[in-house]
Amino acid sequence: MTVALQIQNLSRHFNDLVAVDNISFEIRQGEIFGLLGPNGAGKTTTLSMLATMLEPTSGSATVNGIDIRKDPDGVRKSIGIVFQDQSLDEELTAWENMDFHGRLYRIPKATRNRRITELLTLVELNDRRDDIVKTFSGGMRRRLEIARGLLHYPAVLFLDEPTLGLDPQTRNHLWQYIATLAQDNGITIILTTHYMEEADRLCDRIAIIDHGRIIAIDTPKNLKDGLGGDLVTIGSPEPAAVAAALREPWVARVETHNDNVVVSLKNADRHVSSIVTLLNTLQIPITSITIHKPTLEDVFLSFTGKTIREEEAGIKEQMRMHQKMLRH
Ligand SMILES: Nc1ncnc2c1ncn2[C@@H]1O[C@H](COP(=O)(O)OP(=O)(O)OP(=O)(O)O)[C@@H](O)[C@H]1O
Ligand SMILES: [Mg+2]
């Protein structure tokens, strides 16, 4: 296994705020690695440090064996970056945007021309190469940005929220390009996302990040399997009684979230009727019962006690309070 990125005790503070809190992990060459977490979790900050756009407060990292603090220029030459706010030149054509980037990296003209055609074809934009970017849809721009990020043969590609705001079809399409890049070209990809499905379907491994800390890191499958089977969610006005009743040897885990009790067990469909019978016998009222296969949302919930959406709503609420305070 060749290690592409090695991250050791990396932290970043903004005054009193610890945006990234002492994270350590490795990414191997050709891997698609996802940082999954809610708004404000520290995903972009992590990526920015690794891409040498932001200085760490402490800790270290190497990208392609190059130290991000000792040789940031060396790192920059070997990576491609597609960030949220890094924009294309709207007035230029797709080709011109690519060509400009290629000149910046001093790629010789003949190579540049060949490579631009190759990449525009890869992202299915070659027939639109002479149109100005202003006329492109969101998905087309994103594809062009990815093509541009690949122009100088980077060994590692950084993608910050690559499919944010795109429709499901375009998102699916982009996942295919990204998967091809890793599989066929051995490019290592590190991306951030707060879409559970994106992390699940696209990434070989993910780190779930919350409040700057890595709370879990593994393949999506292992993370989901770690919950111990299917999930049965039982709604009840007496969740504590339900939870107590279900602490049985055949139940792998019992968790209570608000008015819902979530239990994990293997082959849940075969156990649902006995759960209902048991609760009926004990005269514990239930309002609903559902079974589903675990998702990464469940993994997040299990580790943090919150859903990603609740977490984001909480941050939005804090921001509203803060703005209110500033106004008064
Ligand atoms: N330049 C900065 N100055 C001060 N605070 C910052 C700065 N950049 C980020 N932060 C703070 O650091 C924390 C992590 O931010 P970051 O942008 O890394 O989150 P994120 O996980 O990328 O979130 P999102 O999903 O919204 O993109 C947030 O609390 C943010 O407000
Ligand atoms: Mg971000």
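The values are calculated or read from the model by the stated rules, or taken from the named source; none is laboratory data. A quick note: this is a predicted structure, and the numbers were derived from the prediction, not measured. All Cβ positions, even for glycine, are placed from backbone atoms using ideal geometry, and neighbour counts span all protein chains on display. In case anyone asks, the SASA skips ligands and DNA or RNA and just uses the protein heavy atoms, side chains included. Shrake-Rupley method; radii C 1.70, N 1.55, O 1.52, S 1.80 Å.
Of the residues making up region 159-176, not a single one is closer than 21 Å to ARG112 by Cα and away from ligand 1 (no atom under 16 Å from the Cβ). Taken together, LEU47, LEU17 contain a single residue that is out of contact with any helix residue (DSSP H, G or I) (no Cβ under 6 Å at 6 or more places or on another chain), open to solvent by 70 Å² or more (accessible area, probe 1.4 Å) and either within 12 Å of ligand 1 (Cβ to nearest atom) or closer than 18 Å to HIS211 by Cβ (or both), which is LEU17. Of the residues that make up region 59-68, is at least one hydrophobic (A, V, I, L, M, F, W, C), within 20 Å of HIS152 (Cα to Cα), more than 16 Å from ligand 2 (Cβ to nearest atom) and free of Cβ contacts under 8 Å to residues at least 24 places away in the same chain? Yes, region 59-68 contains a residue that is hydrophobic (A, V, I, L, M, F, W, C), within 20 Å of HIS152 (Cα to Cα), more than 16 Å from ligand 2 (Cβ to nearest atom) and free of Cβ contacts under 8 Å to residues at least 24 places away in the same chain. Consider region 50-60 and keep the residues that are more than 10 Å from VAL20 (Cα to Cα) and not polar (S, T, N, Q). The one that is surrounded by the most Cβ atoms within 10 Å (Cβ to Cβ) is LEU50. The selection criterion, being more than 16 Å from ligand 1 (Cβ to nearest atom), among the hydroxyl-bearing types (Ser, Thr, Tyr) and assigned by TED's automatic domain parsing to the domain that holds ILE209, holds for SER60. Can you pull out the residues in region 272-316 that are closer than 15 Å to TYR195 by Cα, modelled with pLDDT under 90 and not in a helix (DSSP H, G or I)? If the condition is that a residue be closer than 15 Å to TYR195 by Cα, modelled with pLDDT under 90 and not in a helix (DSSP H, G or I), then THR307 is the only one that fits.
Considering region 253-271, the residues that are over 13 Å from THR233 (Cβ atoms) and exposed (fewer than 14 other Cβ atoms within 10 Å of the Cβ) include one that is farthest from the chain's Cα centre (by Cα), namely ARG270. Being more than 9 Å from ligand 1 (Cβ to nearest atom) and modelled with pLDDT under 95 is a property that GLY30 has.
Among the strands (runs of 3 or more DSSP E) confined to region 31-88, the ones with at least 1 residues that are within 13 Å of the chain's Cα centre (by Cα) are located at 32-36.
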